[in-house]
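Engineer: Before anything else, here's the structure in question.
Each value in this text was obtained by applying a stated rule to the coordinates, not by laboratory testing. All values derive from a computational prediction rather than experimental measurement.
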Amino acid sequence: MIPFVRRADGVHLGLAAGERAVLTSLVEQLRQVLDHDLATDPVAVRMFPDAYPEDDEASAEFRRYTQEDLRTAKSANAAVVHEWLTGAREGALSRSDEQAWLRSLTDLRLTIADRLGIVDRATADNGLDGDDGSVGLRDVYDWLGYVQEHLVVTISAR
Amino acid sequence: MTMLSPDVDERTSVRADVPWTTVVWDDPVNLMSYVTYVFESYFGFPRAKAERLMHQVDSDGRAIVATGHREEMERHVEAMHGYGLQATVDRAPAA
């Protein structure tokens, strides 16, 4: 189904029940990563990149000042998305809900890209090989891209 | 608003007293539409400028999206990280 639908009062969720279930599971995994596993998770360098690539000390200091706030914000975004997916929130997305969705979809894609080993253009097609017809992580990654693209277009059509 | 207005181009115009920049880097994950959206909505750039910078990121691997004082650039970089973009603080190129 079309992921998002614009109505007179704003953007509504249009995802089918099965799609919501898949996304709910993914968001729960994202929340787990954000809340528990970050210290040892390689996705951390994508979510909290070095601000000063040639200055480790300055990067560490930047991280000290920003990482906890960023992590808290990412967790809060994921919680908002989870509420929408599970029906705890309904109706039209507020502006801040839209932001939470856009950012969480990005965090999900960053996380899955890390699992697929997508680090540059040469690896951008990772996971596309050996398709046995089943729905794999690569399909999920591409679908999330579609969902996000659709949200960006829907929001931008305001 | 006109696309041909003689606005200062932050890619090439750097003042000596504001020697820091916010750099956004190409990454294989973020969508072109999303990067354009972030440049438009966060920096308030007109669509044409946001798209031009997005294409610069895509083709050159990076683009300077803001120039100014260090603290301000760090706020921008933190915001970019909040959006999930790869961004760094860098010294401005020599004038």
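Engineer: Put one equal scatterer on each alpha carbon of region A:77-133, apply the Debye formula with no solvent term, and list log10 I(q)/I(0) at q = 0.18, 0.25, 0.29 1/Å to two decimals.
Structural biologist: At q = 0.18, 0.25, 0.29 Å⁻¹ the computed log10 ratios are -0.71, -0.91, -1.10.
Engineer: Something else now. What per residue convex hull volume, in Å³, comes out for region B:24-91 when only alpha-carbon positions are used?
Structural biologist: 74 Å³
Engineer: Which of the helices in chain A meet the span-like rule: DSSP H, Cα axial reach of 30 Å or more, Kyte-Doolittle mean at least -1.0? Could you put the intermediate results ahead of the total?
Structural biologist: Numbers: long enough: A:56-85 (41 Å, -0.81); A:95-116 (32 Å, -0.56).
Those that pass (Cα extent of 30 Å or more, hydropathy at least -1.0) are A:56-85, A:95-116.
Engineer: Also, I was wondering about something else. Could you give the length gained by full extension between A:Glu28 and A:Arg121, i.e. 0.36 nm per residue of separation minus their alpha carbon distance, to one decimal place?
Structural biologist: Length gained, A:Glu28 through A:Arg121: 30.6 nm.
Engineer: On average over all directions, what projected area in square nanometres does the protein assembly as shown have, based on the convex hull of its Cα atoms?
Structural biologist: In nm², the orientation-averaged hull projection of the protein assembly as shown is 15.3.
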